[in-house]
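Colleague: First the structure, then my questions, so here it is.
The values are calculated or read from the model by the stated rules, or taken from the named source; none is laboratory data. Everything quoted here is computed from the prediction, not taken from an experiment. Here the Cβ positions follow ideal geometry from the backbone for every residue, glycine too, while neighbour counts run over all protein chains shown.
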Amino acid sequence: MTGAQARQLSRVLMIAIAIMAAVYVLLLAGFGRSAPGTGSAAPDQVPELVLSETQVELPGLQVYSDIAARPVFSEDRQPVVKMDEQADEEPEPEPEAPTAPLNIALTGIIHTPQLRIALMRDNGSGTALSLQEDMFLPGDQGGWQVKQIEPLRVVFLDAASQAETAVELELGKASTAAAPPPRARPQQRPSRASTQPTAPDAAASGEDEVAQRAAEIRRRIEERRAQLRREAGQAQ
């Protein structure tokens, strides 16, 4: 911006400020407060309105008998049946839909004083489920409710028939993962007298199998607890 332009802009601003100051002074002096032509005379008084009471007699209900017999807003022009007449007829109860058969396998149970969770598998879809007490199964088996979780079994309630069904924990099928290999035993030379295993060896083999199953169940419970803790941390 050149010097000439700056001086011209300054003059325009000074003129605008002077005009606004003059208008402000006129407003303070009372310019525009009263409408033109009114002066200081008092306004005309409005005459008082007087209401008159008129008695109107309405005709009797017999005048509207045709409207009651042939309703205008009814498609067939027939009187609408009152609800009192329909109340005597009790509606027939709707039959309850049968509940789908229970088709699950109980694979594990978390049973503590603070938490009870049943780990199961839907045999139809193959999905893994974890439910607490008072929860319902998803999908087609939604009519079954987890009523009680015990250390070795879960009691389900059929919502339609109120029948209870208990599902035992499958100790031998608690995990689909490969079981740890059995401990290697030193090979013994077969005896000349008999090639059949002795009674102590058979008992030891049975104890090892039970211990392996118990260890596998504990491992699955710990994995499920860790998964629940991770899900709770992600939800927070």
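Colleague: Kindly indicate whether V155 is surrounded by 14 or more Cβ atoms within 10 Å (Cβ to Cβ), at negative phi, modelled with pLDDT of 90 or more and of a type in the set (A, V, I, L, M). So that I can check it myself, show each step before the final result.
Modeller: Numbers: surrounded by 14 or more Cβ atoms within 10 Å (Cβ to Cβ): yes; at negative phi: yes; modelled with pLDDT of 90 or more: yes; of a type in the set (A, V, I, L, M): yes.
Yes; evaluated as a whole, the condition is true for this residue.
Colleague: Among (1) modelled with pLDDT under 75; (2) within 30 Å of A166 (Cβ to Cβ), where does L102 come up short?
Modeller: Condition (1) is where L102 drops out.
Colleague: Here's a follow-up. Being modelled with pLDDT of 85 or more and in a helix (DSSP H, G or I): is that true of Q8 here? Give the steps one after another, and end with the answer.
Modeller: Numbers: modelled with pLDDT of 85 or more: yes; in a helix (DSSP H, G or I): yes.
Answer is yes for this residue.
Colleague: Still on this structure, I have one more. I need the full set of residues from the range 110-147 which are basic (K, R) and in contact (Cβ under 8 Å) with a residue 24 or more places away in the chain, in order please.
Modeller: Listed by number, the list holds a single entry, R116.
Colleague: Right, another one. State yes or no: is S191 hydroxyl-bearing (S, T, Y) and modelled with pLDDT under 85?
Modeller: The answer is yes for S191.
Colleague: State whether the residues of the range 102-109 include one that is in a strand (DSSP E or B), touching a residue at least 24 places away in the same chain (Cβ under 8 Å), touching a helix residue (DSSP H, G or I) at 6+ places or on another chain (Cβ under 6 Å) and surrounded by 12 or more Cβ atoms within 10 Å (Cβ to Cβ). Don't jump to the end; show me each part of the working.
Modeller: Narrowing the range 102-109 to residues in a strand (DSSP E or B): 104-109.
Next, from what is left, pick out any that are touching a residue at least 24 places away in the same chain (Cβ under 8 Å): 104-109.
Now narrow it down to the ones that are touching a helix residue (DSSP H, G or I) at 6+ places or on another chain (Cβ under 6 Å): 108.
Subsequent filtering for residues that are surrounded by 12 or more Cβ atoms within 10 Å (Cβ to Cβ) retains 108.
Yes; the residues of the range 102-109 include at least one that is in a strand (DSSP E or B), touching a residue at least 24 places away in the same chain (Cβ under 8 Å), touching a helix residue (DSSP H, G or I) at 6+ places or on another chain (Cβ under 6 Å) and surrounded by 12 or more Cβ atoms within 10 Å (Cβ to Cβ).
Colleague: Also, I was wondering about something else. Suppose we keep only residues that are within 17 Å of T99 (Cα to Cα) and acidic (D, E) within the range 135-174. Which one would you say is farthest from the chain's Cα centre (by Cα)?
Modeller: Top of the filtered list is E164.
Colleague: Could you check the range 147-167 and list, in sequence order, the residues that are over 14 Å from I110 (Cα atoms) and not small (G, A, S)? Spell out how you get there, then give the answer.
Modeller: From the range 147-167, those over 14 Å from I110 (Cα atoms) are 147, 155-167; that's our starting set.
The answer is K147, V155, F156, L157, D158, Q162, E164, T165, V167.
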